[in-house]
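Please treat every number below as a calculation from the coordinates, not as lab data. Bear in mind the structure is a predicted one, so any value in this text is a computation, not a measurement. Cβ sites come from the backbone with ideal geometry, for glycine too, and all protein chains shown count toward neighbours.
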Amino acid sequence: MKLGLIGCGKMGGALLKGALKASLVKAKDISLYDKVPAAVKALQSEAPAAKAAKDPAELVASSQVVVLAVKPQDMPALLQGLVKAPKLKLEKCLFLSIAAGITLKQLESWLGGQARVIRSMPNTPALVLAGAAAFARGQHATDEDAELAAKVLGAVGVAQEVSEKLLDAVTGLSGSGPAYVYTVIEALADGGVLMGLPRATALQLAAQTVAGAAQMVLETGKHPGVLRDEVTSPGGTTIAGLEQLEANGLRNALIQAVRKATERSKELAG
Ligand SMILES: NC(=O)C1=CN([C@@H]2O[C@H](COP(=O)(O)OP(=O)(O)OC[C@H]3O[C@@H](n4cnc5c(N)ncnc54)[C@H](O)[C@@H]3O)[C@@H](O)[C@H]2O)C=CC1
Ligand SMILES: O=C(O)[C@@H]1CCC=N1
């Protein structure tokens, strides 16, 4: 697969490194472009055979799949620049956008109206092949395009097709979700330090507890409440801790975080 990446930043970089780690693509079949050359060089240091395109048009002309990984506010100018590029046949490749809030209608319009587009929402654990992604197909995207998007995103974690109207919620939950969980891990470790654990020990135990609990949900298929009850002994330590979480509103805080992030994603569409 000839893969092009426009926007070699945090998320684009994570996707690319994950795709290489998953052997989805060979470095020699990758084209990179970023308006900041240092960002391209940083990725090339990990994939020396990847080519640095001189401009987005050159990258598009040599790619089957073009991952659009620039910030939402940078997308219109990038895509409208591609439309103006002479002799560039935009319908020959699949455009896979990862930009929060930017709709399929906007992407298709900025690309001149006929391009094959898929809008997706991945997350940075793609870097360690533990990503969570969803995507929606544009009006000119084919079944093969959807399969290709599922293959790219599925190579670095889990991926599923959804209707576009759900992608803002996907952004608020799993797109932004790693940041919520990093905050939880950091706070759990702080609790451990408060109780006398060395920072490094507390951090490793906290991170592994979150990872282990998540793996239990994914592998056993049991509801988190059932798994929680398996930990919570009558009159024991866990219920004492859980009482504090309820008293301090942990659930509602997380629910509101997803809601607010989803609303922000909707705002980004302008
Ligand atoms: N960071 C994350 O966890 C996630 C980010 N996203 C989305 O991914 C996109 C990129 O986000 P990040 O990687 O976090 O941002 P970033 O700022 O780390 O990377 C964006 C890159 O795009 C480059 N860029 C900007 N305009 C450009 C242009 N016209 N041509 C070429 N390169 C250009 C920048 O120089 C930068 O290197 C955003 O749309 C964001 O909504 C999606 C899921 C998760
Ligand atoms: O914070 C953001 O806007 C991006 C999109 C999802 C995660 N990071």
How large is the dipole of segment 70-222 about the Cα centre if only Lys and Arg carry +1 and Asp and Glu carry -1, each at its Cβ, rounded to the nearest 20 debye?
-> 420
Among the trypsin sites (Lys or Arg not before Pro) in segment 167-232, which ones are in a DSSP loop with at most 13 other Cβ atoms within 10 Å of the Cβ? Mind listing them?
-> 222
Three principal axis extents, largest first, for the C-alpha atoms of segment 161-270, in Å?
-> 48, 30, 27
So, with +1 on the Cβ of K and R and -1 on the Cβ of D and E, and no other charges, what is the size of the charge dipole of segment 184-270 about its Cα centre, to the nearest 20 debye?
-> 260
Potential extension, residue 139-residue 208 segment - 0.36 nm per residue separation minus Cα distance | 20.6 nm
Using Cα centres only, tell me the gap between segment 1-26 and segment 27-80 in whole Å.
-> 10
Please sort by residue number the trypsin sites (Lys or Arg not before Pro) in segment 38-136 whose DSSP state is loop and whose Cβ has at most 13 other Cβ atoms within 10 Å.
-> 54, 87, 89
Using alpha carbon centers only, segment 240-270 is separated from segment 127-171 by a whole-angstrom value of 24
When only Cα pairs under 8 Å and 6 or more residues apart are kept, what is the percent relative contact order across the chain?
-> 15
The chain, Gaussian network, Cα under 10 Å: of 232, 142, 171, the residue fluctuating most is 232
Could you state the angle between the C-alpha long axis of helix 143-154 and the longest principal axis of the C-alpha atoms of the chain, as a value from 0 to 90 degrees rounded to the nearest 10?
-> 50
Per GNM of the chain with C-alpha springs under 10 angstrom, the most fluctuating residue out of 216, 75, 121 is 216
Full-stretch length increase - residue 181, residue 10 - with 0.36 nm per residue and alpha-carbon distance subtracted | 59.8 nm
How many times 2.2 N^0.38 Å is the alpha carbon radius of gyration of segment 1-87?
-> 1.00
A correct Stokes-Einstein calculation for segment 3-163, using the alpha-carbon Kirkwood radius, 25 °C and 0.890 mPa s, returns a whole-number D in µm² s⁻¹ of 161
In whole percent, what relative contact order does segment 175-269 give with Cα contacts below 8 Å and a gap of six or more residues?
-> 19
Segment 142-184: C-alpha gyration tensor shape, a/c 1.5 cut-off, then a/b vs b/c = oblate
To the nearest 20 debye, what charge dipole does the chain have about its Cα centre, counting +1 at the Cβ of each Lys and Arg and -1 at the Cβ of each Asp and Glu?
-> 920
Rg/Rh ratio calculated on Cα atoms of the chain (Kirkwood radius) = 1.04
Principal-axis tilt of helix 75-84 within the chain, Cα atoms, nearest 10 degrees = 20
Helix 37-46 sits at what angle to the longest principal axis of the chain, using alpha carbons and giving 0 to 90 degrees rounded to 10?
-> 70
Dipole of the chain [Lys/Arg +1, Asp/Glu -1 at C-beta], most positive-end residue of 175, 110, 163 | 110
Separation of the residue 264 and residue 105 label points, Cα + 7 Å toward Cβ, nm = 2.4
